[in-house]
Amino acid sequence: MMLEGRISKAWLDILEFPLPGRLAKPRDCGLTMVIDKGVGITETRDILSTAGNYVDIVKLGFGTSALYPKAVLQDKIFTIRSFGVDVCPGGTFFEASVMQGKMEAYINMVWSLGFSAIEISDGTIKITEEVREKAIYLAANTGLKVLTEVGKKHPDDTLAAKAMLRQVERDLAAGAYKVIMEGRESGKGIGFYDAKGNFKNDEFELFLADMNDVKQILWEAPLKNQQQELIVRFGPNVNLGNIAMSDILALETLRVGLRGDTLRNAVKKVMTE
């Protein structure tokens, strides 16, 4: 179902979205993953009351979920899920569990606390393919939505485009729901982004050349220019992650052409038809 059919008609009685086709929830593509670095429950509720229709996943970033009192954490998880939004702990927290030999216990705890999704990554540490596939299998069979992440957090450990593509294919074959492309919360000097946050086009094109289904990729894109480029290239239903809580509505206006950066593309499309 298109988004126009699921929201208030306050403006849509007289106006249409300049970029049509935005899917409504529940959706399997066009996902927006928000990074939460420690927002309180009241603010979380306020944000999702305003913008919950445009959020699909909230990631409690890094290892922040370890710092909440248990009752507060469970309340926050319940609050997020009550808006029809998935919630997962950050991938760095998963990596800490692997380092300590507690991976299975960690996965079980994620489930028991009420999380609906999990992020499996090796952005900082090295884990074997066997361990990675086991984690995907165990989490999926527990009932969690499995998001894996491909890419390294330190520039010295950068993976080549072809190596990232092979990892994406292995993760999807092992049962991952979506594969996140590393971009960190800065969006600079990491993955397909250079030190200024611009796309490294040669590597990006090399990756895309053999990528069978871009709908299975969730691009971490915290910066507006990255969001804009991905929307212009792949359309309003591209999967985007590491979106700041304060940027949810701003991103959605980019998706539907209600911001000058993408409205311009809508104008060009009309002029060529």
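Throughout, read-outs are computed from the coordinates displayed, never taken from laboratory work. This is a predicted model, so every value here is computed, not measured. Here the Cβ is made from the backbone with ideal geometry for all residues, glycine too, and neighbour counts use every protein chain on show.
Full extension of the chain between Ala24 and Ala209 yields a length gain of 63.7 nm, computed as 0.36 nm times the residue separation minus the alpha carbon distance. For Cα Rg over 2.2 N^0.38 Å, the value calculated from this model appears in [x] 1.18; [y] 1.00; [z] 1.07 under label [y]. Once the Cα atoms are used to define both axes, helix 41-51 deviates from the longest principal axis of the chain by about 40 degrees. Using alpha carbons only, how many degrees (0 to 90, rounded to 10) separate the axis of helix 161-174 from the longest principal axis of the chain? Helix 161-174 sits roughly 70 degrees off the main axis of the chain. Springs between Cα atoms under 10 Å define the GNM used for the chain, and in it the highest mean-square fluctuation of Asp194, Asp56, Asp36 occurs at Asp194.
For Leu19, list long-range residues whose amide hydrogen, built 1.01 Å from N in the peptide plane, is under 5 Å from its own amide hydrogen. Amide H neighbours of Leu19: Gly257. Shown is the FRET efficiency for Glu16 and Glu185, computed with R0 = 35 Å from the Cβ-Cβ distance and rounded to the nearest 0.05: 0.55.
Across the options Leu23, Thr64, Asn239, the greatest Cα extent toward the positive end of the charge dipole of the chain (unit charges at beta carbon of Lys, Arg, Asp, Glu) belongs to Leu23. Distance between the modelled labels on Ala66 and Asn225, one decimal in nanometres: 3.5 nm (7 Å Cα→Cβ projection).
Remark: the stretch 167-273 carries a charge dipole of roughly 400 debye about the Cα centre, counting +1 on each Lys and Arg Cβ and -1 on each Asp and Glu Cβ.
Under the convention that each Lys and Arg Cβ holds +1 and each Asp and Glu Cβ holds -1, the size of the dipole of the chain around its Cα centre is about 420 debye. Under a 5 Å amide H cut-off, with hydrogens placed 1.01 Å from N, Ala24 pairs with Met2, Leu3 among residues at least 5 apart or on other chains.
Label positions at Leu263 and Ser112, each projected 7 Å from the Cα along the C-beta direction, are separated by 5.3 nm. Compared with the dominant principal axis of the Cα atoms in the chain, helix 224-234 is inclined by about 80°.
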